[in-house]
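A quick write-up on the structure given underneath.
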Amino acid sequence: MPPKLHLLTTTTTLLILLHTVTPLRLPEFQEAPAFRNGNECNDTLIHIAMTLDATYLRGSIAGVFSIIQHSTCPENTVFHFLTTNSLSTALRRTITTTFPYLNFHIHHFSTARVKNKISTSIRRALDQPLNYARIYLADLLPATVHRVIYFDSDVIIVDDVVKLWEIELNSHVLGAPEYCHANFTNYFTKNFWSNPSFARVFKHARAKPCYFNTGVMVIDMVKWRAVKVTEKLERWMEIQKIYRIYELGSLPPFLLVFAGDVEAVEHRWNQHGLGGDNVKGLCRDLHPGRVSLLHWSGKGKPWLRLDSKRACPLDGLWAPYDLLKHGPLISDR
């Protein structure tokens, strides 16, 4: 082997080894105060699922802090964090040091499950494999978990989460705030609406198909498994790879499976869109009505706008839940 080529190969190998053994640097957070159950608490456990990754960790930490701070029975709340194997050790350490008293489990999501099912969307962050982990909740969580609330990593809860937990799902698998004024046709491409076999899915819905945001969902896991929801969602992802029937990541498959079959939850449980649209992320106002949950869905995230000194007015509502010790070490996707 020529000397220069040998040197190049050796250098490359050393760089790979260095990258392998260097521990992931995550932001450091302040330790959250301990919140204890009130006298009126019973033994009912509330199960909450969220994804954890390096990019949105700051938002997830703030979301957890907001939940336990406003809960009457914080010790009854069990968190289920979905993450990848490569991050689990570092993230477990972060959660343990930030919330020493938190009851939580980390569930490993294999990105290989969606490697060949994801198609590009209008925003890169929507294409990340972990964004699809919610599809596999029934496989990732123990069978003993019969109901779960799923929250995105960019939400702040300003009410007692037990109120959301106790809603009646009736015969539905899923409950979420619905927005029937939204133009439903905008969530699918011409390829979808021009194909009668695709468009027919909404004609047979139990009720009028309405948009709902998948960042806040109450799910009956027993019914989910019984009717094989995961397989139905995967099927639409496979169709998307061939026909390009939508542009918005993991949301449209949920609309295709559940629209018209959702237990409507009060809008106060998802004041969404505070991150603006998926292109510019411009500032937005709250929707009219009461507020129990603030959701910075869209491109703009409050922690990034606050750090850049270009915060929107409502980003100040997120700031009190930010436990970050130092400046962010990881930039947005």
* Structure fact -> Scanning the stretch 277-296 residue by residue, those at pLDDT 95 or above and either in a helix (DSSP H, G or I) or within 19 Å of the chain's Cα centre (by Cα) (or both) turn out to be Ser292, Leu293, Leu294, His295, Trp296
* Structure fact -> Within the stretch 177-198, residues small (Gly, Ala, Ser) and either surrounded by 14 or more Cβ atoms within 10 Å (Cβ to Cβ) or in contact with a Cys (Cβ under 8 Å, 6 or more places away or on another chain) (or both) come out as Ala182
* Asked: Within the stretch 152-178, can you find the residues that are of a type outside the set (Val, Ile, Thr) and more than 24 Å from Leu137 (Cα to Cα)?
  -> Asp159
* To do: Would you please name the residue that is nearest to His146 (Cα to Cα), looking only at residues in the stretch 236-253 that are in a loop (DSSP other than H, G, I, E, B) and open to solvent by less than 20 Å² (accessible area, probe 1.4 Å)?
  => Ser250
* To do: Could you tell me which of the residues Leu233, Leu256, Leu314, Leu323 is open to solvent by less than 40 Å² (accessible area, probe 1.4 Å), over 23 Å from Arg123 (Cβ atoms) and in contact (Cβ under 8 Å) with a residue 12 or more places away in the chain?
  => Leu323
* To do: Go through the stretch 153-198 and give me each residue that's among the polar types (S, T, N, Q) and either over 30 Å from Asp43 (Cβ atoms) or in contact with a His (Cβ under 8 Å, 6 or more places away or on another chain) (or both).
  => Asn183, Thr185, Asn186, Thr189, Asn191, Ser194, Asn195, Ser197
* **Residue among Gly281, Gly298 that alone is without any contact (Cβ under 8 Å) to a residue 40 or more places away in the chain, touching an Asp or Glu at 6+ places or on another chain (Cβ under 8 Å) and buried (at least 17 other Cβ atoms within 10 Å of the Cβ)** => Gly298
* Structure fact -> By residue number, the members of the stretch 39-61 that are within 11 Å of the chain's Cα centre (by Cα) and in a helix (DSSP H, G or I) are Gly59, Ser60
* To do: Could you identify the single residue in Phe99, Phe65 that is hydrophobic (A, V, I, L, M, F, W, C), modelled with pLDDT of 95 or more and over 19 Å from the mean Cα position of the chain (by Cα)?
  => Phe99
* All but one of (1) within 20 Å of Glu238 (Cβ to Cβ); (2) open to solvent by less than 50 Å² (accessible area, probe 1.4 Å); (3) modelled with pLDDT under 95 hold for Thr120; which doesn't? -> (2)
* Structure fact -> Within the stretch 66-92, residues being more than 14 Å from Leu130 (Cβ to Cβ), open to solvent by 20 Å² or more (accessible area, probe 1.4 Å) and in a helix (DSSP H, G or I) number 4
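The values are calculated or read from the model by the stated rules, or taken from the named source; none is laboratory data. It should be emphasised that the depicted structure is a prediction, and the values quoted were computed from it without experimental measurement. Methodologically, a virtual Cβ is constructed for each residue, glycine included, from the backbone with ideal geometry; neighbour enumeration extends over all protein chains shown. Each accessible area value is taken on the protein alone, full model and side chains, heavy atoms only, with ligands, DNA and RNA left out. Shrake-Rupley method; radii C 1.70, N 1.55, O 1.52, S 1.80 Å.
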